[in-house]
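For reference, the structure is listed below as structure tokens.
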There are 2 protein chains.
Amino acid sequence: MKNIITVSREFGSGGRSIAKEVAKRMGYEYVDVEMIERIAQTSGLEPEIKENADELSRRKNLFEFAFAGREGKADSMENYLWNRQREMILDFAEKGNCVIVGRCADYILRDYENALHVFIHADMEYRAQRIIRLYGETDQTPEKRLSDKDKMRKANYKYHTDRDWGVAQNYDLTLNSGKLGLEQCVDIIISLATTE
Amino acid sequence: MKNIITVSREFGSGGRSIAKEVAKRMGYEYVDVEMIERIAQTSGLEPEIKENADELSRRKNLFEFAFAGREGKADSMENYLWNRQREMILDFAEKGNCVIVGRCADYILRDYENALHVFIHADMEYRAQRIIRLYGETDQTPEKRLSDKDKMRKANYKYHTDRDWGVAQNYDLTLNSGKLGLEQCVDIIISLATTE
């Protein structure tokens, strides 16, 4: 029985939808990176961090800010948020019965015997069609949007874990959602999580 | 329905046993790298290749020979065998209803819609205990034996496919056999292969 499920995923692969559906069907709490970021940003920011908040809000997202500079305030801001998020993930894991999406949770909880670590990916064509359907067109090609996001996740994962993102050995299970279909991915994850 | 299953695996992960059991339970032909090597070596070797055969047989295995030199005769020998093995894998795939272990079959059959590509891995401790139980102790530590084999498979895969071995995106499904157990891996593969 695995009562903590971490889901990492390529942008556009449907990993988030799969995770939500798994949480719903198992009656588990669904925890995702935006939620963790929001709580970390709004609660108890130290004064020296707080002065970066305006700059942070001007940027499109946290990672863009974090990657703008690895030194000085930006660096301490990133490390502060990382530590807060890490603590929050450990708190969720302590309670159990949760599905956690993104944010290197597979690494943070790598020694938890009751955790199942999943990675979802799909080929470029499938993901390109999916993000256009879900988020609409932009000035950039869907391929460019996908590779930018993937690059950011890869760099972020490497920075915090010193491991390579998407390598099979980091996960208990990886699935090609484009080939297998979202519904089947949900079924497999539930089946593996509920086996004694 | 997937009637071709390719299984790549880390040494000692039980990938071969899983593949054999899947083939047995599905009534599929089981094809592995030793079989392919044997046929390729004994049938229709070209004269200029044949003179390397003595050297080949003195070496512990084909890869050791292949990696001894990437130029001249060794190189053409390797490429000749690679092409023969590639053709044989394509022949097996054409007939269908088979489980093919190793030898970059996932790459060779990457565009086959009716193929399910699986990678099996496990942590070092699990694999070390398993190879000692199966193959006994040697002068080398099990960790050294494992990392040598992994390194060879990685280099061989890279050379022939220009892709990185063990990266989730190359496979439809990857499984941690040490954590999930061999029996459960067999069940999941069969379940995915038999779904319409």
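FYI, it's all coordinate maths here, none of it is from the lab. For clarity, every value in this text was computed on a predicted model and none was experimentally measured. All Cβ positions, even for glycine, are placed from backbone atoms using ideal geometry, and neighbour counts span all protein chains on display.
Could you give each residue of the range B:96-105 its phi-based ³J(HN,Hα) in whole Hz, using Karplus coefficients 6.51, -1.76, 1.60 with θ = phi - 60°, and x for Gly or Pro?
x, 6, 9, 10, 10, 9, x, 6, 6, 4
Where does the range A:108-196 land on Rg/Rh, using Cα atoms and the Kirkwood Rh?
1.02
Using 29 Å as the Cα-Cα cut-off, could you pick out the over-long pairs in A:K151/B:K2; B:K20/B:K149; A:K24/A:K179; A:K149/B:K144; B:K2/B:K144?
Beyond 29 Å: A:K151/B:K2; A:K149/B:K144; B:K2/B:K144.
How do A:C185, A:C104 rank when sorted from fewest to most other Cβ atoms within 10 Å of their own Cβ?
A:C104, A:C185
Please go through the range A:87-147 and write out the GluC sites (Glu not before Pro) that DSSP classes as loop and that have at most 14 other C-beta atoms within 10 Å.
A:E113, A:E137
Sorted from shortest, what are the nm distances separating the label point of A:E94 from equivalent points in the other copies, each placed 7 Å from Cα along Cα to C-beta?
Here A:E94 shows inter-copy label distances of 6.3 nm.
Please express the Cα-Cα pair-distance distribution P(r) of the range B:70-164 as a list of whole percents, one per 10 Å bin, running from 0 to the bin with the greatest distance.
Answer for the range B:70-164: a P(r) of 13, 35, 31, 20, 1 percent.
Be a star and scan the range B:163-182 for residues whose amide nitrogen sits under 15 Å from the point 7 Å along the Cα-to-Cβ vector of B:I190.
B:182
Show me the trypsin sites (Lys or Arg not before Pro) within the range A:102-188 that DSSP assigns to loop and that have at most 15 other Cβ atoms within 10 Å of their Cβ.
A:R110, A:R163
When the scattering of the range B:130-177 is computed by the Debye formula from its Cα atoms alone, each counted once and equally, what is log10 I(q)/I(0) at q = 0.16, 0.17, 0.21, 0.29 Å⁻¹?
The computed values of log10 I(q)/I(0) come out as -0.61, -0.67, -0.85, -1.03.
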